[in-house]
Structure formats: C-alpha cells, structure tokens
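Structure first, then comments.
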Amino acid sequence: ISANFEEITYDQIWDWYDLDAIRDNLGGSYVLMNDLDSATAGYAELASETANGGKGWQPIGTTAENDRFVGSFNGQGYVICDLFIDRPAESNVGIFGVVDGGGVVANVGLMDVTVTGRSSVGGLVGHNSGNVSNCYCIGRVTGGWSVGGLVGHNSGNISNSYCTAIVTDGWSVGSLVGWNRGTKSNSYCTGLVTGGWSVGGLVGHNSGNVSNCYCIGRVTGG
C-alpha cells in the first residue's frame with residue numbers, strides 16, 4: 001500500500017510483515033501508520049522470542065555492499081513495542097542493523113524491547129552513518145562492545161532523542177550511544193549503564209561531537 005505526499009511515494013507500514021519488507025527495498029521511503037506490538041500481525045513469526053529459531057527479529061541492513069539502509073523511515077510518533085532480538089554472536093544488531101549515509105530514521109519510539117548482540121548493538125540502530133532524530137528507546141540492550149541503548153556505533157548524526165533503557169556488558173557502552181564518531185545533539189538519557197571499560201552515561205567512547213546533552217542515571221564500569 002502506498003501513499004503519495006509532496007510527489008514522494010511512501011510505502012505504508014501497518015504490521016510486522018510490512019516492517020520486515022523494508023529489507024526488500026533498502027532505498028525506499030516508509031511511514032509507520034500505527035503502533036506495532038505483540039498483538040500486531042506478524043509478531044510471532046518475525047519479532048517474538050520464538051521467531052527465527054529463537055533469534056527473534058532479523059536486523060534490517062548489513063555491512064555488505066548494497067545491503068545497507070539508505071532510505072527514509074518516518075515513525076510519525078508511533079511506537080514499536082515488545083521486539084525481541086537474541087543474536088549474541090552477531091554484529092550490527094538492532095531494528096536496523098546498518099543505516100548508511102543518506103539513510104534517515106525519525107519520529108519513532110521503542111518500548112519494552114529486548115536486544116542482545118555481539119558488537120555495534122543498539123535498540124534502534126546497530127551501526128549508524130545516517131541521520132537519527134526524534135527517537136527514543138525504553139527496554140534492555142546487551143552486547144560485547146559498541147553497545148548503546150539507542151545506537152551502538154554512530155558515525156552519523158543523532159539529534160532530539162533520548163533513552164531510558166538498561167544497557168549492560170562489554171566495553172564502549174553508553175545509555176544513548178556506545179561508540180560515537182559522529183555528532184549527537186539535543187538529547188538525553190536516564191538509563192542504567194553497566195560495563196567493563198569505556199563506559200559512560202551518554203556515550204561510552206567518544207571521538208566525535210556531543211552538544212546540548214545531559215544524563216541522569218547510574219553508571220558503573222571498570
């Protein structure tokens with residue numbers, strides 16, 4: 001189903017099947033039309049604890065050539081709930097595995113999500129080189145390194161976002177971003193962060209730019 005606004009054709013996302021279909025056209029423009037949760041069609045097959053042999057949701061986008069998300073996703077303020085990922089041996093883990101330059105993820109909230117991965121692990125995006133704005137995450141995120149509640153590894157832009165997730169394990173661990181090499185602005189976090197080293201409230205490891213941000217929460221690390 002498509003809708004045409006301002007001469008751009010947007011593919012409408014109504015259920016988990018529609019969300020999963022983004023991987024078939026990583027350069028498309030998408031709008032979320034309602035909340036997605038455990039009662040939404042496709043949840044059991046795609047995003048539950050029993051989906052994909054117990055691994056849960058398969059992240060959208062990888063580091064492979066022509067397999068990175070470079071389109072636009074507008075959540076329109078809706079919320080994605082109850083998503084489960086258990087991929088402790090995999091990298092680039094989140095709803096979106098890899099968002100490349102030019103890719104946009106905006107205006108969406110995550111609630112009651114459980115995400116586990118190896119490296120570049122985030123609730124929303126594992127590895128971001130694009131733009132993430134007006135987003136938030138509430139849940140639990142666990143990984144080995146470059147682990148963040150919202151974004152695992154950021155070399156793009158994050159703005160006007162927040163995270164209250166519990167983020168645990170590994171190194172380069174932060175409530176909002178695990179490893180930041182890009183820019184982050186006008187954002188905050190209130191989550192609990194626990195890790196080995198390079199552990200911070202906003203950012204675990206930062207070699208980029210952070211402005212107009214704050215953190216309220218408990219941070220524990222080696």
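I'd like to check something: does segment 20-30 contain any residue that is at pLDDT 95 or above and over 21 Å from GLY61 (Cβ atoms)? No: zero hits.
Find all pairs meeting these conditions: Cβ atoms under 6 angstrom apart; at least six residues apart or on different chains; first residue within segment 183-195 and of a type in the set (Lys, Arg); second residue at pLDDT 95 or above. From segment 183-195, the pairs are LYS184/ILE158; LYS184/VAL210.
Residues are listed down the side, and each one gets a yes or a no for (1) at negative phi; (2) in contact with a strand residue (DSSP E or B) (Cβ under 7 Å, 6 or more places away or on another chain):
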| residue | (1), (2) |
| --- | --- |
| ALA21 | yes, no |
| LEU26 | yes, yes |
| ASP35 | yes, yes |
| ALA41 | yes, no |
| LEU46 | yes, no |
| GLY54 | no, yes |
| ASN66 | no, no |
| GLY77 | no, yes |
| ASN92 | no, yes |
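Just one of the numbered conditions (1) open to solvent by less than 10 Å² (accessible area, probe 1.4 Å); (2) farther than 17 Å from THR194 by Cβ is not true of HIS153: (1). Step by step: first the residues of segment 191-211, then only those that are on the phi < 0 side of the Ramachandran plot, of a type in the set (S, T, N, Q) and in contact with a Ser or Thr (Cβ under 7 Å, 6 or more places away or on another chain), then the one that is most open to solvent (accessible area, probe 1.4 Å). Which residue is that? Ranking the qualifying residues of segment 191-211, first place goes to ASN209. Being in contact with a Leu (Cβ under 8 Å, 6 or more places away or on another chain) and not in a loop (DSSP other than H, G, I, E, B) is the filter here, so list the residues in segment 119-149 that pass it. Correct list: GLY122, VAL125, VAL132, CYS135, TYR136, CYS137, ILE138, GLY139, GLY148. For segment 35-88, filtering for residues that are outside any loop (DSSP other than H, G, I, E, B), β-branched (Val, Ile, Thr) and farther than 14 Å from ARG23 by Cβ leaves 3. Only residues that are closer than 24 Å to SER161 by Cα and surrounded by 21 or more Cβ atoms within 10 Å (Cβ to Cβ) were counted across segment 44-70, and they come to 7.
For segment 156-181, filtered to residues that are open to solvent by 10 Å² or more (accessible area, probe 1.4 Å) and outside any strand (DSSP E or B), the residue that is farthest from THR63 (Cα to Cα) is THR164. Note on segment 79-110: residues that are under 21 Å from LEU176 (Cβ atoms), touching an Asp or Glu at 6+ places or on another chain (Cβ under 9 Å) and of a type in the set (Phe, Trp, Tyr) amount to 0. The listed residues are TYR214, TYR188, and the only one of them that is under 21 Å from VAL79 (Cβ atoms), surrounded by fewer than 23 Cβ atoms within 10 Å (Cβ to Cβ), aromatic (Phe, Trp, Tyr) and out of contact with any helix residue (DSSP H, G or I) (no Cβ under 9 Å at 6 or more places or on another chain) turns out to be TYR188. Could you tell me whether ASN4 is at pLDDT 95 or above, open to solvent by 20 Å² or more (accessible area, probe 1.4 Å) and either not in a helix (DSSP H, G or I) or not β-branched (Val, Ile, Thr) (or both)? No, not satisfied. Is there a residue in segment 196-203 that is touching a residue at least 40 places away in the same chain (Cβ under 8 Å) and not β-branched (Val, Ile, Thr)? Looking through segment 196-203, none of the residues is touching a residue at least 40 places away in the same chain (Cβ under 8 Å) and not β-branched (Val, Ile, Thr).
The values are calculated or read from the model by the stated rules, or taken from the named source; none is laboratory data. This is a predicted model, so every value here is computed, not measured. Don't worry about glycine lacking a Cβ; one is built from the backbone with ideal geometry, like all the others, and counts go over all protein chains shown. In case anyone asks, the SASA skips ligands and DNA or RNA and just uses the protein heavy atoms, side chains included. Shrake-Rupley method; radii C 1.70, N 1.55, O 1.52, S 1.80 Å.
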